[in-house]
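Student: If you scroll down you'll find the structure; I have some questions about it.
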């Protein structure tokens, strides 16, 4: 990676959608919209609504499917000198394994990010990322299915995120992404109806940033894997905060909807912060939080 700034899955399409607004070569990595084995239509509308200092979404993981991505979306991304990380999800372990196998060895795919916030239909709908036993079993199988770097995206909707970080590490993860969205809902008091057709959705944006920073710090102190921090990063200062807490890299999500070129602006801002403070390498920033001094 040329710099520590990535895009967050689900907020940057397949890259081409944002190319009119920024130079994709200037990103540290592109994380594309989550892929399933087959194309998925997603949830009915309305599926996005604004909330104080953030937004709720219940897109339902709409995507073109892994085969269409490889055949029609990935060729465009190969022209850029930026690693492409593919976010992936499934309804059962076999789905995850199939996607991992399909993408292994494909030119232009630098790594996989495993979304474990999805319901496991074979376990009665429990999310893969809210049961350590199920998490370990899934990541172990995906690890065996691919030689690609494996990033596990952790759900914050758990009692102790450190337990899940340790589980993912033990199962063979190479890095961790945290956090995914928090579960929330909003109601229109005039109609007394949910603002989302799905009723609940994922909360993102600045409102969740303190939660995300806290979780990154906790995981950094207990697990020795690289961490990609995300959750409400809108400015370079926000990104630096995550890095001081322990994030090796950061991913920009909701900010892309406010300013499509925000990822590049944040990368420039991190560089400026380092120059101003005499910091020669981002490694000097990562995990540099001072407590009790």
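Student: Can you match semi-axes √(5λ) of the Cα gyration tensor in Å to one of these, (1) 33, 21, 19; (2) 38, 23, 15; (3) 26, 23, 21, based on a calculation from the structure here?
Tutor: Among (1) 33, 21, 19; (2) 38, 23, 15; (3) 26, 23, 21, the one derived from this structure is (3).
Student: Test of understanding: ordering 26, 133 by Cβ neighbours within 10 Å, fewest first, what list do you get?
Tutor: Final ranking by Cβ density, sparse to dense: 133, 26.
Student: GNM on the chain, C-alpha springs below 10 Å: top fluctuator among 246, 202, 111?
Tutor: 202
Student: For residue 48 and residue 224 in one chain, what is 0.36 nm times their gap in residues minus the Cα-Cα distance, to one decimal in nm?
Tutor: So the chain would gain 59.8 nm between residue 48 and residue 224.
Student: GNM on the chain, C-alpha springs below 10 Å: top fluctuator among 129, 231, 172?
Tutor: Between 129, 231, 172, it is 172 that shows the largest mean-square fluctuation.
Student: Can you give me the Kirkwood hydrodynamic radius for the stretch 67-177, using every pair of distinct Cα atoms, in Å to one decimal?
Tutor: For the stretch 67-177, the Kirkwood estimate is 14.2 Å.
Student: Could you please state, rounded to a whole Å, how far the C-alpha centre of the stretch 65-131 is from the C-alpha centre of the stretch 218-293?
Tutor: Between the Cα centre of the stretch 65-131 and that of the stretch 218-293, the gap is 25 Å.
Student: Which whole-number percent gives the relative contact order of the chain, counting Cα pairs below 8 Å spaced six or more residues apart?
Tutor: Relative contact order of the chain: 18 percent.
Student: Let me ask you something else. For the pair residue 79 and residue 259, how long in nm is the line joining their label points, each one 7 Å along Cα→Cβ?
Tutor: 2.7
Student: Taking R0 as 41 Å, what FRET efficiency do you get between residue 94 and residue 272 from their Cβ-Cβ distance, rounded to the nearest 0.05?
Tutor: 0.30
Student: How large is the convex hull of the Cα atoms of the stretch 1-112 per residue, expressed in Å³ as a whole number?
Tutor: It is 123 Å³ per residue.
Student: Using 0.36 nm times the number of residues separating residue 41 and residue 1, minus their current alpha carbon distance, what extension gain do you get?
Tutor: Once the chain is fully extended between residue 41 and residue 1, it gains 11.2 nm.
Student: As a footprinting exposure proxy, order 179, 59, 189 by other Cβ within 10 Å, with the fewest listed first.
Tutor: Result, fewest neighbours first: 189, 59, 179.
Student: Can you give the extra length, in nm with one decimal, that the chain gains between residue 147 and residue 288 once fully stretched, where that is 0.36 nm per residue apart less the Cα-Cα distance?
Tutor: Result: 47.6 nm gained on full extension.
Student: Given that compact globular proteins tend to follow 2.2 N^0.38 Å, what is the ratio of the alpha-carbon Rg of the stretch 107-153 to that value?
Tutor: 1.21
Bear in mind these aren't lab numbers, they're just calculated from the coordinates by the rules spelled out. Predicted model only: the values in this text are computed from it and were never measured. Backbone-built Cβ (ideal geometry, glycine too); neighbour counts: all protein chains shown.
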